[in-house]
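A.B. asks: This structure is in structure tokens; I'll ask about it shortly.
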Amino acid sequence: MKPKVAFFDFASCEGCELQIANLEEVIIDVIKLVDVVSFREVMKEHSDDYDIAIVEGSITRPMDEERLKKIRNKAKILIALGACAHLGGVQKLGNQWTSKENKQIVYGIANPKDIDDNNPFFEKPKQRALDEIVKVDYVIPGCPINKNEFARVLIALLTGKKPPIPDYPVCVECKKKENVCLFTVGKVCMGPVARGGCDAICPTYGNECEACRGYVSYPHEKAQTDVLEKYGLTLEEIMNRKTMFTYRYIEAKKEGEKNE
Amino acid sequence: MKIVSKEDFLAFVNALIKDGGMDIEGVKSKDGRFVYGPLESASELRLDYDVTILPPKKYFLPQYETMMKFDLADPFSMKKPENQKKKVIIGMHPYDIIALRQMDSYFLDTDVSTTYLKRRKNTLIIGTDPLNVSEKAFFGIMGTGEVHSGYDLFITDLGDRVAITIGTEEGGNLLRYESKLRDAIDVSLCGSTTCYPLLSYDQLLQYENKLRDASPVEVQKVKAIREAASSKAMRGLKVKPVGWHDLLEKNYDSEVWKKQSDKCLGCGTCTLVCPTCFCYDVQDDINIDLKTGERRRTWDGCLLRKFTELASGEVLREDILDRYRHRFYRKGRYLPDRLGFVACVGCGRCSSQCIPDIADPVNAINMLFDSSQHVVKESLMDTHTIRTDLSKMESKDGDIDALHVPMPATLKRVEKLTEKETLFEITPDSGKPLGHTPGQFVEVSIMGMGEAPLSVSSAPDGKTFEIVVRKVGDLTTKLHTLKPGDKVGIRGPFGNGFDVDSLKGKNLIFIGGGIGIIPMRSLINYVLDHRKGFGKVAILYGCKEPREVLFKDELAAWDKLPDIEHLRTVDKCPDGVSWECEIGVITTLIPKIKFDPKSTIAIVVGPPIMYKFVIRDLLKLGMPEENVIVSLERRMKCGVGKCGHCQINGVYVCKEGPVFNYKDLKNLPEAFK
């Protein structure tokens, strides 16, 4: 019996699912291994009978929370797909402000009374990663995900191995590819603290790493801040780097402080 | 020394490239820096480079390497497709040649890596003098600015001419170019300028004649270029390599380590770009067909947190200070002690690529020197004291590294001992006994799942052997699903076991904690089988809870033996569980037996915390340190002393251990951490 797999999406661009749809020749092999029973982006059929739920997107509204819990109840294995599901995505940045402030920033204050309305889409718009609500068994990180890594995780699950998500910095793969370090050409990069596994794709093409796969366990954050400072970034610019995909860690620290 | 015109030299390189019989690699530019890579034309060659991003080690220990491919249905018919083409590497600076010679020593002096040897034998090295020196280089003061061996050809770019020194016969032959190209041209391409635009047939035939002896002025010029490079690469290092060993020995606890490592990102760059860092990690991948797979090797580095992570999740060098310091000690003390040379060649790659700028050996050594109260004593160990003679070594057949080939074996018996631990009796398919001594270990593989070092638990006799395995990672979990008749791969036995002969006639006290009883049992059973050969024997065994107790039937049998004393304890016993022995930590058993500490040997195996307290109590009773024998059996990795993970300070647990005499370990700060 092939395991039944269903894909779900919440607040996201659905680009990670698109990566899977784009697996090209490998997709045939994937279909041989699993039964895809639900995948809104590529098929009409849908079934609520599945073993593995692969969930993209962050959780925003109470109705999303309910839906996610239902998915969790039905699935034997739940996988968070991509940065939104893993870290809350770039939208997690919004948690720095109150919903009122967010509405003002986004829509302006032409109609001040609108800010206080009860539109359900603005209800408690706090962005959360999946594991802030339900148990997540495995994570496929990245914005977007690395499609080869998706295949590797699937293979691992089907062969009884722990999915091989690396826990070393992006620098490791970047060095192995013999890239010119961006720090040496006047750019700055989150590579030294960001979780690798992406094959350093951004630095390879000259783009600064923004830690879309989150940090490694135990990142040397202070050393990284010192380095960014040394390379001329202002405190505000440093904070921008640290909040792009990784506001989650700052938020967790703030929550921790509150609880102490 | 010979001289050839620059034009002819480049024509020679182009001829090599066009020939196609060999891979011609050389230094070229990449995004404003330099790298080694395949040359498509001699015009790409940059003999004026200062330093490359990665050292040429990548040709001999690639960043990623398929060690073997396998079919899960027939796992022991492993294959490895290896490119058999000869390689020529053009443009190695002297420091990189010396680093490569150090690499030779590492992979060839003991436990020969056959793939390394093959690649090395299959590669011609063309060295060159640095015309430009990187800002961070200090090879001048490291004594690595000049080499007199280790290359096949050595060239110096004199502008319109190139000076060539022939290092080996093969290098000389390359220059004479007695290769396929001439035959090819003879047959069909004679005179074709489109195929060989830079080298006419005529030129080719006369090539040898175009080499002339260097004039005294030209020899002088080469010397001047060489000296200029070295004098530019001094960087004010205050302690020469011969003093590093002593300086490091006396400053292990220096404040410098803390100060520097506070700034460390732990990104691993310094080890990855280092020409004398050789540590690697091995992993199995299964392909998407779920039928085939690969065992792969990739670079690892001691600055990375995961480097010292055990299957249990425990990280041995968790503190960045320990990891930062380890790298310097490996260069300046551990490898020198092991192989006789200082493992830093002054290329400056680590310093120029370290973002917080703390990896620089010049800075670290100078800071250490400035803060040290000690006078530095010089040793005989320098950067180029290398014994390995490659020319005397024969490359062997087979593409899979002999160090890493698992041999098939069959599970004969599988017996679940506790919730997590299972005993496996294994028969090597070769029909020969494993041939281990008590305390040694084997590498057990399941293709696609990986490999793990596991202590042999049975006494050394018979055609089978036993291991007892705790379910923790991918491999051990899979192993627990296997049944008698299933196949596993084995390598070994490895390591240093118990010195049985030195124990003969002695009184013995065994103190085992938790799964520490597993390797200890191989010696206990040996002793019980040869009971008359030993004095008094006592066995103390402690576990956390009754459900964790291993070998219950055997323990009960030991209880009945008249000539041994045997006590068991558990730290705690939950309500409702029956337990008829002692309750309390293992140390509480020691006062319960009578033994003369002076004439008794204690064999202690257990978790780190146990060593601390048990050894303390034994020494307090007056037992001499050399009477305590321990096994650090959790720390092994590749088994052959190459991958680097098993190091505690300078000791390789896979080679010198896992069994040690306590007095040899007590001064190693990392031993019982």
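A.B. asks: Starting from the alpha-carbon convex hull of the protein assembly as shown, give the projected area averaged over all orientations, in nm².
C.D. replies: So the mean shadow area of the Cα hull is 47.4 nm².
A.B. asks: Mind putting together the pair-distance distribution for the range B:241-371? All Cα pairs, 10 Å bins, whole percent per bin, short to long.
C.D. replies: Calculated P(r), rounded to whole percents: 12, 39, 32, 11, 5, 1, 0.
A.B. asks: Tabulate in residue order the Karplus-calculated ³J(HN,Hα) for the range B:282-291, using 6.51 cos²θ - 1.76 cosθ + 1.60 with θ = phi - 60°, rounded to whole Hz; enter x for Gly and Pro.
C.D. replies: 10, 9, 9, 10, 9, 7, 5, 6, 6, 10
A.B. asks: In addition: Suppose only helical runs count, i.e. DSSP H with n ≥ 4. What mean residue ellipticity at 222 nm does that imply for chain B under -39500 (n - 2.57) per run, divided by all residues and rounded to the nearest 500 deg cm²/dmol?
C.D. replies: My calculation for chain B gives -7500 deg cm²/dmol from helical runs alone.
A.B. asks: With r as the distance between the Cβ atoms of B:HIS530 and B:LYS594 and R0 = 25 Å, compute the FRET efficiency 1/(1 + (r/R0)^6) and round to 0.05.
C.D. replies: E(calc), rounded to 0.05, equals 0.60.
A.B. asks: For chain A, treating each Cα as an identical point scatterer without solvent, what Debye log10 I(q)/I(0) comes out at q = 0.11, 0.13 1/Å?
C.D. replies: These q points yield log10 I(q)/I(0) values of -0.67, -0.91.
A.B. asks: What number results when the radius of gyration of chain B, computed over Cα atoms, is divided by 2.2 N^0.38 Å?
C.D. replies: Cα Rg divided by the expected 2.2 N^0.38 Å: 1.12.
A.B. asks: While we're looking at this one, here's another question. What number, in percent, do you get for the relative contact order of the range B:2-232 if the mean sequence gap of Cα pairs under 8 Å and at least 6 apart is divided by its residue count?
C.D. replies: 25 percent
A.B. asks: Moving to a separate point now. Using a/c under 1.5 as the rounded threshold, could you call the range B:47-99 rounded, prolate or oblate? The axes a ≥ b ≥ c are square roots of the C-alpha gyration tensor eigenvalues, and prolate needs a/b larger than b/c, oblate otherwise.
C.D. replies: prolate
A.B. asks: Where Rh denotes the Kirkwood radius from the mean inverse Cα pair distance, what is Rg over Rh for the range B:130-180?
C.D. replies: When Rh is taken as the Kirkwood radius, the ratio is 1.08.
A.B. asks: Further question on the same structure: Taking every alpha carbon pair in the range A:170-254, what does the distance histogram look like in 10 angstrom bins from 0, in percent?
C.D. replies: Bin by bin from 0 Å, the calculated values are 18, 54, 25, 2.
A.B. asks: Right, here's the next one. Against the longest principal axis of chain B, how steep is helix B:201-210, in degrees 0 to 90 to the nearest 10, with axes from Cα atoms?
C.D. replies: 80 degrees
A.B. asks: Which whole-angstrom value gives the distance between the alpha carbon centres of the range A:1-69 and the range B:367-402?
C.D. replies: The two parts, judged by their Cα centres, are 54 Å apart.
A.B. asks: Okay, next question. If packing is taken as the average number of other Cβ atoms within 10 Å across a peptide's residues, how do B:382-390, B:464-472 rank, most packed first?
C.D. replies: My ranking of the peptides, most packed first, is B:464-472, B:382-390.
A.B. asks: For the range B:406-494, just list the percent of Cα-Cα distances falling in each 5 Å bin from zero outward, please.
C.D. replies: 3, 16, 29, 29, 17, 5, 0
A.B. asks: So for chain B, averaging the separation of alpha carbon pairs under 8 Å that are six or more residues apart and normalising by length, what relative contact order in percent results?
C.D. replies: Taking the mean separation of contacting Cα pairs over the length of chain B, I get 13 percent.
A.B. asks: Angle check, please: helix B:94-108 long axis (alpha carbons) against the longest principal axis of chain B (alpha carbons), in degrees 0 to 90, nearest 10.
C.D. replies: 40 degrees
A.B. asks: Once Lys and Arg get +1 and Asp and Glu get -1 on their Cβ, which of B:TYR116, B:TRP558, B:ILE320 lies farthest toward the positive end of the dipole of chain B?
C.D. replies: Of the candidates, B:TRP558 comes out farthest on the positive side.
A.B. asks: Determine ³J(HN,Hα), in whole Hz, for all residues of the range B:110-120 in sequence, where each value follows from phi through the Karplus function 6.51 cos²θ - 1.76 cosθ + 1.60 and θ = phi - 60°; x replaces Gly and Pro.
C.D. replies: 10, 6, 5, 7, 6, 5, 4, 4, 4, 4, 5
A.B. asks: Provide the net charge surrounding B:GLU146, with neighbours chosen by a C-beta distance below 12 Å and charges set as Lys +1, Arg +1, Asp -1, Glu -1.
C.D. replies: 0
A.B. asks: Hey, another quick one. Please state the equivalent ellipsoid semi-axes for the range B:500-665: what are the square roots of 5 times the Cα gyration tensor eigenvalues, largest first, in whole Å?
C.D. replies: Semi-axes from the Cα gyration tensor: 25, 20, 16 Å.
A.B. asks: Report, in cubic angstrom per residue, the convex hull volume of the C-alpha atoms of the range B:349-432.
C.D. replies: 367 Å³
A.B. asks: Dipole magnitude of the range B:520-604 about its Cα centre, charges +1 at Lys/Arg Cβ and -1 at Asp/Glu Cβ only, in debye to the nearest 20?
C.D. replies: So the magnitude is around 300 debye.
A.B. asks: Given a Förster distance of 41 Å, report the FRET efficiency between A:LYS230 and A:LYS100 from their Cβ-Cβ distance, rounded to the nearest 0.05.
C.D. replies: My answer for the efficiency is 0.60.
A.B. asks: Still on this model: By Kyte-Doolittle mean hydropathy of at least 0.5 and Cα axial length of at least 15 Å, which whole DSSP H helices of chain A are selected?
C.D. replies: A:147-158
A.B. asks: Per residue of B:257-269, count partner chain C-beta atoms within 10 Å of its C-beta, then hand back the mean as an integer.
C.D. replies: Partner-chain Cβ atoms within 10 Å, mean over residues of B:257-269: 5.
A.B. asks: Ranked highest first by the average count of other Cβ atoms within 10 Å around their residues, in what order do B:106-112, A:95-101 fall?
C.D. replies: Ranking the peptides B:106-112, A:95-101 by packing returns B:106-112, A:95-101.
A.B. asks: In debye, nearest 20: dipole of chain A around its Cα centre with unit charges on the Cβ of K, R (+) and D, E (-)?
C.D. replies: Once rounded to the nearest 20, the dipole reads 460 debye.
A.B. asks: Can you tell me the relative contact order of chain A? Whole percent, Cα pairs under 8 Å, sequence separation 6 or more.
C.D. replies: Reported as a whole number, the value is 17 percent.
A.B. asks: About the Cα centre of the protein assembly as shown, what is the dipole size in debye to 20, counting +1 per Lys and Arg Cβ and -1 per Asp and Glu Cβ, all else neutral?
C.D. replies: Dipole size: approximately 1380 debye.
A.B. asks: Output the 0 to 90 degree angle, nearest 10, between the alpha-carbon long axis of helix B:241-250 and the longest principal axis computed from the alpha carbons of chain B.
C.D. replies: Between the helix axis and the principal axis of chain B, the angle is about 20 degrees.
A.B. asks: How many Cβ atoms of partner chains, on average, are near each residue of A:205-217 if near means within 10 Å of its Cβ?
C.D. replies: For peptide A:205-217, the averaged partner shielding equals 1.
A.B. asks: Kindly provide log₁₀ I(q)/I(0) values, in the same order as q = 0.12, 0.13 Å⁻¹, from the Debye equation applied to equal alpha-carbon scatterers of the range B:2-232.
C.D. replies: -0.72, -0.83
A.B. asks: Quick one: grab Rg to one decimal and Dmax as a whole number for the range B:571-673, Cα atoms only, in Å.
C.D. replies: 16.1, 49
A.B. asks: Also, quick follow-up: Can you list the lysines whose alpha carbon sits under 17 Å from that of A:LYS135, skipping same-chain ones fewer than 8 residues off?
C.D. replies: Within the straight-line limit of under 17 Å, A:LYS135 reaches these lysines: A:LYS69, A:LYS70, A:LYS74, A:LYS76, A:LYS162.
A.B. asks: Moving to a separate point now. Highest mean first, what order results for B:363-371, B:322-330 on Cβ atoms within 10 Å?
C.D. replies: B:322-330, B:363-371
A.B. asks: Shifting gears a bit: Summarise the partner chain shielding of B:7-15 as one whole number: the mean count of Cβ atoms from other chains within 10 Å of each residue's Cβ.
C.D. replies: If you average over the peptide's residues, the count of other-chain Cβ atoms is 0.
Laboratory data are not the source of any read-out in this text; all were calculated from the coordinates shown. Note that the coordinates shown come from a computational prediction; the quantities given were computed from them, not determined experimentally. FYI the Cβ positions are ideal-geometry reconstructions off the backbone, even for glycines, and counts take in every protein chain you see.
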